[in-house]
Amino acid sequence: MGSPKTAKSAMKQGIWRRRIGAPFAAVAVAAVLAVVVFSGQFAKGPNDLERTVSSKLEGEDTEQIRLEDGQSPNKEAAIEEQKPSQAAPIDQDDNTLNPGLKQASGDERSAGGSDSLGKESHPQNQEGEGVTAESGAAPYTKCTAQSDTKICDLSNPRFDICELCGDARTIGQSSTVVYVPQNRASNGEDWSIRAQSRKHLPWIKKVTIKSVNSSEPEPRCTSKHHIPAIVFALGGLTANVWHDFSDVLVPLFLTARQFNGDIQLIITNNQPWFIKKYSAIFSRLTRHEIIDFDADDQVRCYPHVIVGLRSHQDLGIDPSSSPQNYTMVDFRLFVREAYGLPAAEVDIPYKADKDDPDKKPRIMLIDRGKSRRFVNAAHVVQGLDWFGFEVVKADPKIDSNLDEFVRLVDSCDAIMGVHGAGLTNMVFLRSGGVVVHIVPYGIEFMADGFYGAPARDMGLRHVQYSISPEESTLLEKYGWNHTVINDPETIRKGGWEKVAEFYMSKQDIVLNMTRFGPSLLNAIEFIM
């Protein structure tokens with residue numbers, strides 16, 4: 001695999017190759033630009049990238065986590081056993097959202113005094129007593145009601161979803177969406193679902209979907225809209241960056257992206273801090289106001305309503321299950337576009353900056369705060385520097401300025417950290433960036449499914465390093481003769497709670513930089 005000396009030699013050779021090749025590269029670029037200018041051809045955008053297969057990922061910064069019944073840990077992500085605190089971070093005001101996603105005051109709300117969490121209130125005119133409508137809107141034609149179409153699908157083990165085409169009316173005060181079918185002779189039906197991608201979490205508020213028959217009066221519209229809407233829940237396990245993406249943002253992308261921003265988002269279990277934190281992503285998904293469903297006192301009428309969020313797998317997308325053939329590459333590029341990061345064709349920073357032959361590859365080192373920490377963090381930083389990296393230390397927290405943090409990640413060629421939610425920030429790396437994944441002792445069985453496959457599916461490179469017992473603080477705590485050290489399989493058979501207790505919550509890392517060296521050489525080869 002090579003030695004540290006080999007690594008440093010390779011780095012120097014790469015720098016000299018760039019020094020020598022820079023003039024020739026400049027000539028080549030000038031020639032290409034001339035061809036482009038005179039032919040009228042321009043660089044292809046993100047959608048022209050080759051699509052990749054989907055992935056699985058896990059997030060578990062919280063201490064008590066479990067698998068849902070019947071699920072294998074290398075197939076499904078771990079989730080908390082206990083309901084997490086719903087308190088907003090200290091720097092996030094429940095009543096204040098980012099510019100463009102601000103809380104509407106009483107005189108800014110739509111007729112009826114509903115609470116909205118939106119960007120802009122589009123001009124409305126009166127369409128009958130007490131009814132407003134979006135002005136200048138063409139009839140909605142993307143969803144046609146069919147008498148034989150099933151409204152709700154409860155068969156997926158991950159999520160429930162209902163799709164109402166034709167005449168759908170949302171009633172926030174009762175958490176109800178009423179469907180008025182064309183054939184009113186049919187029997188009315190009711191469904192009650194948790195409108196998020198983890199339908200088994202009991203503390204997510206349910207939404208009732210009701211199909212009325214001829215004997216039942218439909219609620220009278222107080223606000224008419226000529227765009228579709230998605231009703232979905234926040235809450236759940238959010239406030240953990242992995243769950244933010246896996247449970248909400250990726251499923252919301254899958255469900256809403258097809259409408260190209262012409263969609264209204266209606267949120268139950270609302271968390272204003274979440275919308276504030278990810279305002280850039282919400283702004284790319286919708287051009288319309290965001291409605292707080294639980295506080296909305298209107299009856300809103302839509303031609304198309306989806307209740308729930310589609311979800312293929314943990315932090316993953318299955319293109320064959322998406323009518324639009326979306327992939328995790330599409331999602332990563334969508335997120336980068338939302339934050340104004342360089343386009344898909346821009347190379348990783350080490351290769352993109354041709355004018356600086358002495359430039360070092362940058363690696364972001366994420367150190368955890370509670371468990372699975374680097375005990376010898378200073379030694380790790382020294383080792384990375386010795387191998388030729390410029391080290392960027394980061395401890396991303398929920399109260400970080402995300403706009404600044406994503407640009408810091410984008411400026412790096414690689415991200416390195418111990419198995420945990422912080423690695424989810426790989427979504428902000430450029431195509432070809434490297435994820436260096438340190439796997440704690442005892443959880444090797446789920447490592448690739450949780451971080452390796454997702455990284456590859458996003459068009460990134462993945463380097464996995466599994467620590468030895470000598471690099472785990474568990475050895476000092478329990479000794480070689482304890483089952484935790486000599487028989488991890490037995491601990492695993494005891495259930496996910498035992499895996500979480502010992503290997504996730506009680507373990508820190510003493511990284512052996514000599515043993516770790518070959519993995520760093522792999523990362524260097526990917527970067528160069």
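The values are calculated or read from the model by the stated rules, or taken from the named source; none is laboratory data. Remember, it's a predicted structure, so these values are computed and weren't measured experimentally. All Cβ positions, glycine included, derive from the backbone under ideal geometry; neighbour counts span all protein chains shown. Side chains are part of the model used for accessible areas, which takes the heavy atoms of the whole protein and leaves out ligands, DNA and RNA. Shrake-Rupley method; radii C 1.70, N 1.55, O 1.52, S 1.80 Å.
The figures follow:
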{"read-out": "Hey, residue 246 among the polar types (S, T, N, Q) and part of a loop (DSSP other than H, G, I, E, B) or not", "value": "no"}
{"read-out": "Qualifying residue in the stretch 301-316 (condition: hydroxyl-bearing (Ser, Thr, Tyr), within 27 Å of residue 156 (Cβ to Cβ) and either modelled with pLDDT of 95 or more or in contact with a Phe, Trp or Tyr (Cβ under 7 Å, 6 or more places away or on another chain) (or both))", "value": "yes"}
{"read-out": "Helices (runs of 4 or more DSSP H) wholly inside the stretch 392-471 that include at least 1 residues being free of Cβ contacts under 8 Å to residues at least 12 places away in the same chain", "value": "402-410"}
{"read-out": "Subset of the stretch 486-528 (residues that are without any contact (Cβ under 8 Å) to a residue 40 or more places away in the chain and either buried (at least 18 other Cβ atoms within 10 Å of the Cβ) or not in a loop (DSSP other than H, G, I, E, B) (or both))", "value": "486, 489, 490, 493, 498, 501, 514"}
{"read-out": "Hits in the stretch 245-277 - residues which are charged (D, E, K, R) and under 16 Å from residue 314 (Cβ atoms)", "value": "247"}
{"read-out": "In the stretch 334-373, the residues that are modelled with pLDDT of 95 or more, of a type in the set (A, V, I, L, M) and in a helix (DSSP H, G or I)", "value": "335, 338"}
{"read-out": "Subset tally (residues that are touching a strand residue (DSSP E or B) at 6+ places or on another chain (Cβ under 8 Å) and either surrounded by 18 or more Cβ atoms within 10 Å (Cβ to Cβ) or of a type in the set (Gly, Ala, Ser) (or both)) for the stretch 199-218", "value": "8"}
{"read-out": "Residues of the stretch 459-485 classified as surrounded by 18 or more Cβ atoms within 10 Å (Cβ to Cβ) and of a type in the set (D, E, K, R), total", "value": "2"}
{"read-out": "Pair list, Cβ under 9 Å, 6 or more apart: the stretch 373-386 residue open to solvent by 30 Å² or more (accessible area, probe 1.4 Å), other residue among the acidic types (Asp, Glu)", "value": "373/367; 373/508; 375/508"}
{"read-out": "Answer from 256, 280, 229, 233 - the residue that is among the aliphatic types (A, V, I, L, M), over 25 Å from residue 179 (Cα atoms) and either open to solvent by 10 Å² or more (accessible area, probe 1.4 Å) or at pLDDT 95 or above (or both)", "value": "280"}
{"read-out": "Residue in the stretch 151-161 that is at pLDDT 95 or above, in contact with a Phe, Trp or Tyr (Cβ under 6 Å, 6 or more places away or on another chain) and over 12 Å from residue 211 (Cα atoms) present", "value": "no"}
{"read-out": "From 294, 318, residue being open to solvent by 30 Å² or more (accessible area, probe 1.4 Å), in the same structural domain as residue 267 (by the TED database) and under 17 Å from residue 458 (Cβ atoms)", "value": "318"}
{"read-out": "Filtered residues of the stretch 249-279 (kept if part of a loop (DSSP other than H, G, I, E, B) and either in contact (Cβ under 8 Å) with a residue 12 or more places away in the chain or under 25 Å from residue 297 (Cα atoms) (or both))", "value": "262, 263, 269, 270, 271, 278"}
{"read-out": "Enumeration of residues in the stretch 297-307 that are within 26 Å of residue 203 (Cα to Cα), open to solvent by 10 Å² or more (accessible area, probe 1.4 Å) and of a type outside the set (A, V, I, L, M)", "value": "297"}
{"read-out": "Criterion: in contact with a strand residue (DSSP E or B) (Cβ under 7 Å, 6 or more places away or on another chain), among the aliphatic types (A, V, I, L, M) and either within 23 Å of residue 503 (Cα to Cα) or open to solvent by 10 Å² or more (accessible area, probe 1.4 Å) (or both) - qualifying residue of 439, 434, 409, 346", "value": "439"}
{"read-out": "Yes/no for residue 223 being modelled with pLDDT under 95, polar (S, T, N, Q) and more than 26 Å from the chain's Cα centre (by Cα)", "value": "no"}
